[in-house]
Amino acid sequence: MNQAIDALRDLLSQPQRIIITMHRDPDADALGSSLGWALFLRRQGHQVTVISPTDYPNNLRWLPGIETVMVYEESGASRKICQQHIEQATLICCLDFSALSRLKDLGKVVQEATATKLLVDHHLEPEQFADLMVWDTNAAATAQLIYQIIKALDPNLFQNEQDIPLAECLYAGIMTDTGSFRHASTTPEVHLAVADMMHTGFELNRVHRLIFDSSPLSRLQLLGHALSKIHVLPEYRTSYMTLTAADLELYSSSVGDTDGIVNYGLQVEDVVMSALFIERKDEVKISFRSAGDFSVRDLAHAYFNGGGHKNASGGRTTLSLAETVQSFLAVLPEYQAQLQSVR
Ligand code: 5GP
Ligand code: MN
């Protein structure tokens with residue numbers, strides 16, 4: 001990590017044309033770390049373009065600098081401009097993902113670009129596509145890694161209100177990826193980083209409210225609908241929910257509305273794994289969550305073209321919704337002993 005930061009310091013001593021990109025369907029960590037990094041780099045005099053592979057959730061539309069984000073898949077014109085920026089870039093920063101497939105179509109453009117590539121991430125098993133890597137699977141969030149990088153590059157940050165926007169971006173990522181500071185990833189360093197950022201005087205409560213307490217009513221009703229048909233499988237200590245395309249339409253679901261629903265499945269007593277199957281346009285998107293030592297990352301990787309973290313992972317299939325659920329039920333016996341032994 002220190003080596004990568006030294007190399008970055010060298011690189012950033014000259015003005016660069018920089019692209020920052022993050023995984024598709026970006027969450028608060030992906031977007032917060034990207035926008036925080038962008039704020040820092042722009043202040044240092046670099047030209048920065050932030051590109052999201054896809055649209056992003058409504059509850060992140062307040063993040064400082066969000067209006068500058070270009071969405072690659074928005075239109076042909078947008079694709080062209082993004083491609084030009086990427087071709088002309090001298091540095092491409094890849095935040096909060098470890099495989100180029102997580103960029104959808106944008107992955108190929110980034111792969112073929114000649115710019116130096118920097119990966120900043122905390123997912124397992126990164127692909128080897130970057131020239132510089134700041135990668136730590138123990139980091140609670142990519143925003144925590146960005147915090148460490150920018151503090152190494154400028155130890156005087158976060159001393160006054162000038163850095164409130166930066167603090168808000170990074171706090172959004174850390175708060176959400178730690179499950180509001182309750183996951184095992186919440187180390188003393190996490191709290192120290194937040195304490196440091198609080199010297200700016202930013203309002204924690206406001207960030208929390210904007211992200212968690214600003215849902216359209218229809219989103220809560222969608223959650224209620226999903227919960228009303230939850231399946232609990234006591235023999236596997238597992239629960240799962242499904243949302244059909246019709247459900248999503250009925251509750252006028254938009255990007256990000258299904259985020260977090262899977263977490264409720266873990267609230268059922270004695271359940272240590274929850275899954276949510278969502279019928280999207282050309283695929284079924286799956287989210288997994290687990291408690292304790294059971295790795296949903298391994299399950300998503302082995303059977304559902306996915307990955308992520310031990311306790312939070314995702315995947316996708318091109319099967320029908322019913323077939324996807326069947327294939328999930330079919331692999332459960334293989335994991336039964338592991339699920340039973342979770343403490
Ligand atoms: P979520 O369920 O919130 O979409 O994703 C949970 C975690 O799994 C996130 O860390 C996310 O990056 C990862 N993840 C979700 N979908 C995929 C996928 O299709 N492939 C991989 N490799 N990781 C995924
Ligand atoms: Mn993350």
Practice item. With the condition kept exactly as written, say whether any residue in the range 13-22 is in the same structural domain as Thr142 (by TED's automatic domain parsing), touching a residue at least 40 places away in the same chain (Cβ under 8 Å), touching an Asp or Glu at 6+ places or on another chain (Cβ under 8 Å) and within 14 Å of ligand 1 (Cβ to nearest atom). Key: yes
Revision key, fill the gap. When the range 168-189 is checked residue by residue, the ones that are within 20 Å of Trp37 (Cα to Cα), in a helix (DSSP H, G or I) and not aromatic (Phe, Trp, Tyr) are Glu168, Cys169, Leu170, Ala172, Gly173, Ile174, Met175, Thr176, Asp177, Glu189
Point to revise | Evaluation of Glu74 against (1) among the acidic types (Asp, Glu); (2) more than 23 Å from Arg209 (Cα to Cα); (3) crowded, with 16+ Cβ neighbours inside 10 Å (one fails), failing number | key: (3)
**Study point:** Residues satisfying the stated conditions in the range 124-155, i.e. under 20 Å from the mean Cα position of the chain (by Cα), surrounded by fewer than 20 Cβ atoms within 10 Å (Cβ to Cβ) and in a loop (DSSP other than H, G, I, E, B)
**Key:** Leu124, Glu125, Pro126, Glu127, Gln128, Phe129, Asp136, Thr137, Asn138
Practice item. Scan the range 78-101 for residues that are surrounded by fewer than 21 Cβ atoms within 10 Å (Cβ to Cβ), within 16 Å of ligand 1 (Cβ to nearest atom) and touching a residue at least 24 places away in the same chain (Cβ under 8 Å) and jot them down. Key: Ala99, Leu100
Review point. Which ones in the range 190-234 are under 21 Å from the mean Cα position of the chain (by Cα), of a type in the set (Gly, Ala, Ser) and part of a helix (DSSP H, G or I)?
Key: Ala193
Exercise for review: May I ask you to list the residues in the range 121-164 that are of a type in the set (S, T, N, Q), closer than 13 Å to Trp37 by Cβ and away from ligand 1 (no atom under 15 Å from the Cβ)?
Suggested key: Gln148
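Residues checked against (1) touching a residue at least 12 places away in the same chain (Cβ under 8 Å); (2) under 30 Å from Leu145 (Cβ atoms); (3) in contact with a Cys (Cβ under 7 Å, 6 or more places away or on another chain):
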{"position": "His191", "(1), (2), (3)": "no, yes, no"}
{"position": "Val194", "(1), (2), (3)": "yes, yes, no"}
{"position": "Asp213", "(1), (2), (3)": "no, yes, no"}
{"position": "Gln221", "(1), (2), (3)": "yes, no, no"}
{"position": "Val232", "(1), (2), (3)": "yes, no, no"}
{"position": "Tyr236", "(1), (2), (3)": "yes, no, no"}
{"position": "Leu248", "(1), (2), (3)": "yes, no, no"}
{"position": "Ser254", "(1), (2), (3)": "yes, yes, no"}
Review point. Is there a residue in the range 114-121 that is touching a residue at least 12 places away in the same chain (Cβ under 8 Å), part of a helix (DSSP H, G or I) and surrounded by 14 or more Cβ atoms within 10 Å (Cβ to Cβ)?
Key: no
Exercise for review: Could you look through the range 68-104, keep only residues that are within 21 Å of Ala141 (Cα to Cα) and aliphatic (A, V, I, L, M), and pick out the one that is nearest to the chain's Cα centre (by Cα)?
Suggested key: Leu95
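Just to be sure before I move on: is Asp55 under 15 Å from Ala143 (Cβ atoms) and in the same structural domain as Asp105 (by TED's automatic domain parsing) in the structure I sent?
Numbers: under 15 Å from Ala143 (Cβ atoms): no; in the same structural domain as Asp105 (by TED's automatic domain parsing): yes.
Answer is no for this residue.
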Check your understanding: Which condition number does Gly292 fail, the rest of (1) over 18 Å from Phe97 (Cβ atoms); (2) under 16 Å from the mean Cα position of the chain (by Cα); (3) not polar (S, T, N, Q) being met?
Key -> (2)
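The values are calculated or read from the model by the stated rules, or taken from the named source; none is laboratory data. Small disclaimer: the values here were computed from a predicted structure and weren't measured. Here the Cβ is made from the backbone with ideal geometry for all residues, glycine too, and neighbour counts use every protein chain on show.
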